[in-house]
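To keep things clear, I will list the structure first and then write my remarks on it.
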Amino acid sequence: MKNILICGLGGGLDVLNCLPLCYKFKNDKNYSEIHLGSIRPAPQSSVKNAIAVYHEQATLLGIDSKVMYKGRYAEPFISSIIGRPIVLFSRMVDDKYSISGLSEAIKLFRDEHSIDEIYFVDGGGDSMTLIPEDIIGASQSKDVFDGGDAFALEALQDIPSTLCVTVVGLDVDRKKFIKRLDELTLDDIYEVMNKKAHYFSCGMNCSDITNLQKYSK
């Protein structure tokens, strides 16, 4: 029997996009414990009525928890609907971003709960961006490589995991992306990776660079 962590990559509703996977594994007899997580900017200091604290960037939220921070935080409401807590992985400590801290928090949670598999879920597809011009979402940063998903992906570089993308086309121009992917050579991929190595994911294992061969001519 396996334990699994399914975690939103960074967007306000990415945790909602985790639910289909959550129910899929819940009905699979090969999995015993299913943990739901969400990577968000809100620091731990903004959380009220947390169930538990694992790390200064990992806080367990329940139905009575509140996140007093700007933006949409549906995690407590989702917790009340599905009847299970959600671990909030904060990108920030107080008012400072910490990539190393986020990575450490996820690893700590993984080890404490004997997690066998980790899935990170991105709704919209901006994590698949090859160049900034591919982004179409009006709410996205002009330079997507400096956005929240980029931050999260950098923290995940050495964490064996799988990136899942839902509703592709909401944030990224799907036709341009597919065309660009078809035209890629391995040299092109390394050029992109030299700019922001952690950002180029394309649904690959987040820590397995050898999979790049699959996406090049």
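The values are calculated or read from the model by the stated rules, or taken from the named source; none is laboratory data. What you are looking at is a predicted structure, and each value in this text was computed from that prediction instead of being measured. As a convention, Cβ positions derive from the backbone with ideal geometry for all residues, glycine included, and neighbour counts pool all protein chains shown.
Consider Ile86 carefully, then state whether it is buried (at least 16 other Cβ atoms within 10 Å of the Cβ), under 16 Å from the mean Cα position of the chain (by Cα) and touching a residue at least 60 places away in the same chain (Cβ under 8 Å).
When the stated conditions are applied, Ile86 passes them.
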>> Can you find a residue that is modelled with pLDDT under 80, loosely packed, with under 15 Cβ neighbours inside 10 Å, of a type in the set (A, V, I, L, M, F, W, C) and in contact with a Ser or Thr (Cβ under 6 Å, 6 or more places away or on another chain) anywhere in segment 128-142?
In response: no
> When you go through (1) under 16 Å from the mean Cα position of the chain (by Cα); (2) more than 20 Å from Cys164 (Cβ to Cβ); (3) not acidic (Asp, Glu) one by one for Ile118, which number turns out not to apply?
Replying inline: (2)
> Looking at this structure, is Ile51 farther than 21 Å from Asn17 by Cβ, modelled with pLDDT of 95 or more, of a type outside the set (D, E, K, R) and touching a Gly at 6+ places or on another chain (Cβ under 9 Å)?
Replying inline: yes
> Within segment 20-52, restricting attention to residues that are in contact with a helix residue (DSSP H, G or I) (Cβ under 7 Å, 6 or more places away or on another chain) and aliphatic (A, V, I, L, M), which residue is farthest from Gly101 (Cα to Cα)?
Replying inline: Ile34
> Within segment 21-41, is there a residue that is in contact with a Gly (Cβ under 9 Å, 6 or more places away or on another chain) and farther than 19 Å from Ala155 by Cβ?
Replying inline: no
> For segment 52-82, which residues satisfy the criterion of being of a type in the set (Asp, Glu) and loosely packed, with under 14 Cβ neighbours inside 10 Å?
Replying inline: Asp64
> Where residues in segment 24-49 are in a loop (DSSP other than H, G, I, E, B) and within 21 Å of the chain's Cα centre (by Cα), which of them is surrounded by the fewest Cβ atoms within 10 Å (Cβ to Cβ)?
Replying inline: Pro41
> Out of all the residues in segment 69-84, is one or more of a type outside the set (Ser, Thr, Tyr), closer than 25 Å to Pro160 by Cβ, touching a Pro at 6+ places or on another chain (Cβ under 7 Å) and assigned to a loop (DSSP other than H, G, I, E, B)?
Replying inline: no
> Name the residues in segment 89-104 that are assigned to a helix (DSSP H, G or I) and surrounded by 19 or more Cβ atoms within 10 Å (Cβ to Cβ), would you?
Replying inline: Gly101, Leu102, Ser103
